[in-house]
1. With each pseudo-label sitting 7 Å past Cα toward Cβ, what's the Ile344-Thr176 distance in nm, one decimal?
2. How far, in nm, would the chain grow between Leu280 and Val63 when pulled straight, counting 0.36 nm per residue and subtracting the alpha carbon separation?
3. What lysines could a cross-link reach from Lys358, if we take a straight Cα to Cα line under 24 Å and drop same-chain neighbours fewer than 8 places away?
4. In percent, how large is the relative contact order of segment 298-363, given Cα pairs closer than 8 Å and 6 or more residues apart?
5. Distance from the Cα centre of segment 58-81 to that of segment 311-348, in angstrom?
6. What distance in nm separates the simple spin-label points at Ile299 and Arg97, each placed 7 Å from Cα in the Cβ direction?
7. Sort the following peptides by mean Cβ neighbour count (other Cβ atoms within 10 Å, averaged over residues), highest first: 182-191, 322-331.
8. Pick out the long, greasy-scoring helices in the chain: whole DSSP H runs spanning 20 Å or more along their own axis by Cα, mean Kyte-Doolittle at least 0.5.
Amino acid sequence: MVARAIVVTLQQVIRSTILILFPIAFITLFAWATAGSTYGSTSDPMRAAIWLWLGSHLTPFNVSSESMTGYLSLLPIGALLLPALAIRIGFRRSVERIGDHKSTRSYFILWYLIIYCLLAIVASNSQASIDWRRGPLTLLLILFLSTTPVNTAKSLKLPINLFLVMLGIAGLVFTTSLIINFQTAKNLTVVLQPGIIGGTLLLLLQLAYLPNVFIATLSYIFGAGIFLGANTEISPLDFSLREIPAIPVLAALPSGEITWLALPTIMIFIYGWLNLRVLLRANSFIKIKRQSILRFVVISVAGFAAVSALSSGSLITANMSPVGVNIARASWIIATQLLLALLIQIYLPKLINLINNKGRVAR
């Protein structure tokens, strides 16, 4: 039984890896061939394919050359969709063939981690290598979430749905800004002159980064702001930005302070009010209610901080670090508004009752 579980999970892990790695290898080989490179060998695009596969698992890289040394940790969350789907399919097939969910999960995660480490070692050279402290930990989190049943706990359905609504509103704000500044995006694309193949790859890369952009936009309209490199800050109330990289999607950035765009921060209060209303009206003991409320606040603040950390990072050079959400300020704003919503829900009814009682006594 154990031997069968080991063999089956290994087969499915290899299939899950090849399912993503082979198409990436084809794309890199095609791009390398059409680029007309006069040096190097086919091992270069194959190594690049492995780097892209590792990057799709949100693996940070240490990058070094004769002219610079940097760190790449701002990776596209959208690119995680395909590996996560491949992992989920491979794990489901393993469970169907073996039957034991718990042991299958353990062997599957172990084999996937081993293949990940082997590929990381093979692709490493003097110019690029993965961050061995953060990369495997991020992979373990991805594997854990990808092999977890989709059935969401009842207490988490409302918070998750409301968060997705807020993220959708942030996406609409970003899309509107990009449409308004479409000419700027077009000019940035012309400056890059990517060509047909390069333009297609650039488009796919920007689409993969859209979740990162939406989360950054959400932080912006929360009033927390975002970073776009060292000594920069972009928020509705503060704007400090000298120049932007020639990336078309960044054309949606504001050109100055836009105070009224801080109004959507009220969404946090509404989010807290609706969830806390459900928790306070639940038919349970006071101690259980308090635990549920504390758990809700902690998960909300820590959850957004974790998502923000995954969507933010460094873009190789020191001038482009950090890039993304102002995590500390966003966490403070969310915690403050949730606490305010809680205090109002607890003490406002008491205050109204006290005023009504005084009115009756006066009569």
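1. 2.2 nm
2. 73.0 nm
3. Of all the lysines, those that pass the test against Lys358 - Cα under 24 Å, at least 8 places apart if same chain - are Lys350.
4. Relative CO of segment 298-363 lands at 25 percent.
5. Using only Cα atoms, the two centres lie 24 Å from each other.
6. 3.5 nm
7. 322-331, 182-191
8. Result, helices passing both filters: 2-34, 81-98, 101-123, 154-180, 266-280, 286-311, 327-362.
Coordinate-derived values only; no laboratory data. Because the structure is a prediction, the values reported are computed rather than measured. Neighbour counts run over all protein chains shown; Cβ positions are idealised from the backbone, glycine included.
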